[in-house]
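Visitor: Got a structure for you, questions after.
The values are calculated or read from the model by the stated rules, or taken from the named source; none is laboratory data. Nothing here was measured: the structure is a model prediction, and the numbers come from that model. Neighbour counts run over all protein chains shown; Cβ positions are idealised from the backbone, glycine included. Accessible surface is based on the protein model in full, side chains and every heavy atom, while ligands, DNA and RNA are left aside. Shrake-Rupley method; radii C 1.70, N 1.55, O 1.52, S 1.80 Å.
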Amino acid sequence: MIETRIDRLEKYVIKLRKKPEINLIYAIAHKQDEEVTRAFNQLLAKHYNPQKQAVYKAIYGGYQKNITQYKAEIATIHSPKYRGYYETFVHIEEGNLALARKTAVNVPSVSMQHVLYAEIELQSGNRLEAIAQAKKALHSSKGLQLYQIYKEYERELPEALETT
């Protein structure tokens with residue numbers, strides 16, 4: 001999906017919430033804990049592939065801020081794109097920002113890098129740089145990834161949305 005208009009993305013996500021993948025995105029974006037758990041369990045029942053399950057478990061562990069579960073699942077992810085992204089978030093959560101900066105460089109997706117850098121700067125207390133990185137993340141994303149990022153920044157970094 002290449003849509004970049006949030007209003008259209010919102011309609012799309014609401015329309016397709018019956019799909020557990022889409023419902024998980026919506027529930028996480030709106031911080032609906034029970035719905036996140038329900039969608040997560042549906043996805044585990046639907047997908048038997050250990051790689052897909054590892055990614056879903058990492059997402060769920062990250063949502064719950066369960067670093068122990070998060071780390072265990074990241075170790076089983078083979079995709080360097082996702083593994084590097086999730087490892088960097090572990091470093092951020094643990095407060096190891098220097099290591100987080102080093103691992104963020106290796107994430108192949110530019111938009112994912114900007115999300116990571118925004119979070120690193122936010123944790124560092126550099127809100128202006130975090131806003132700049134968040135804007136870059138929003139401009140380099142589209143589709144469901146844009147929707148997730150937008151909804152997160154709507155709560156955590158609303159200044160980044162002012163000119164988007």
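Visitor: Taking the Cα-to-Cβ direction at Q53 and at L99 and moving 7 Å from each Cα, how far apart do the two end points lie in nm?
Guide: Distance between label points: 2.8 nm.
Visitor: Kindly sort T103, T37 by accessible area of their heavy atoms, largest first, with the probe set to 1.4 Å. Before the final figure, lay out the partial values.
Guide: Working: T103 30, T37 50 Å².
Solvent-accessible surface, decreasing: T37, T103.
Visitor: If you don't mind, another one. Distance between Cα centroids, segment 100-164 to segment 32-88: provide it in whole Å.
Guide: That distance is 20 Å.
Visitor: For the chain, what does -39500 (n - 2.57) per DSSP helix run (n ≥ 4), summed and divided by total residues, give at 222 nm, in deg cm²/dmol to the nearest 500?
Guide: Values: 10 runs with 120 residues, N = 164.
Using -39500 (n - 2.57) per qualifying helix, the result is -22500 deg cm²/dmol.
Visitor: May I ask you to evaluate 6.51 cos²θ - 1.76 cosθ + 1.60, the Karplus curve with θ = phi - 60°, for each residue of segment 8-14 and list the ³J(HN,Hα) values in order in whole Hz, giving x for glycine and proline?
Guide: Here the 3J(HN,Hα) series is 5, 4, 4, 4, 4, 5, 5 Hz.
Visitor: Using alpha carbons only, what's the Rg to Rh ratio of segment 76-164 with Rh from Kirkwood?
Guide: Working: Rg = 12.4 Å, Rh = 12.9 Å.
We get a ratio of 0.96 for segment 76-164.
Visitor: Pairs of Cα atoms under 8 Å, at least six residues apart: use those to get the relative contact order of the chain, whole percent. Walk me through the intermediate numbers first.
Guide: Details: 189 pairs, mean separation 32.7, N = 164.
Relative contact order here is 20 percent.
Visitor: Calculate the spin-label point distance for K81 paired with K15, positioning each point 7 Å from the Cα along the beta-carbon direction, and give it in nanometres.
Guide: Rounded to a tenth, the inter-label distance reads 2.5 nm.
Visitor: Next up: State, to one decimal in nm, how far the label point of K65 lies from the label point of L44, with both points 7 Å from Cα in the Cβ direction.
Guide: Those two pseudo-labels are separated by 2.2 nm.
Visitor: Here's another thing I want to ask about it. Give a quick list of trypsin sites (Lys or Arg not before Pro) in segment 31-118 that DSSP marks as loop, anything other than H, G, I, E or B, with at most 13 other Cβ atoms within 10 Å.
Guide: Numbers: sites: K31, R38, K46, K52, K57, K65, K71, K81, R83, R101, K102; in loops: K31, K65.
Here the trypsin sites (Lys or Arg not before Pro) that fit, given the DSSP loop and packing criteria, are K31, K65.
Visitor: Want the number for T4 to L128: 0.36 nm per residue separation, take away the alpha-carbon distance, what's left?
Guide: Details: separation 124, 0.36 × 124 = 44.64 nm, distance 2.40 nm.
Full-extension gain reported as 42.2 nm.
Visitor: Let me cross-check H139: its accessible surface, 1.4 Å probe, with only protein heavy atoms counted, in Å² to the nearest 10?
Guide: 130 Å²
Visitor: What would the Debye equation give as log₁₀ I(q)/I(0) for segment 93-138 at q = 0.21, 0.30, 0.32 Å⁻¹, counting only Cα atoms as equal point scatterers?
Guide: Values returned for q = 0.21, 0.30, 0.32 Å⁻¹ are -0.61, -1.09, -1.16.
Visitor: Which translational diffusion coefficient, to the nearest whole µm²/s, is obtained for the chain from the Stokes-Einstein equation, given a Kirkwood hydrodynamic radius over C-alpha pairs, 25 °C and 0.890 mPa s?
Guide: Numbers: Rh = 16.2 Å.
D = 151 µm²/s.
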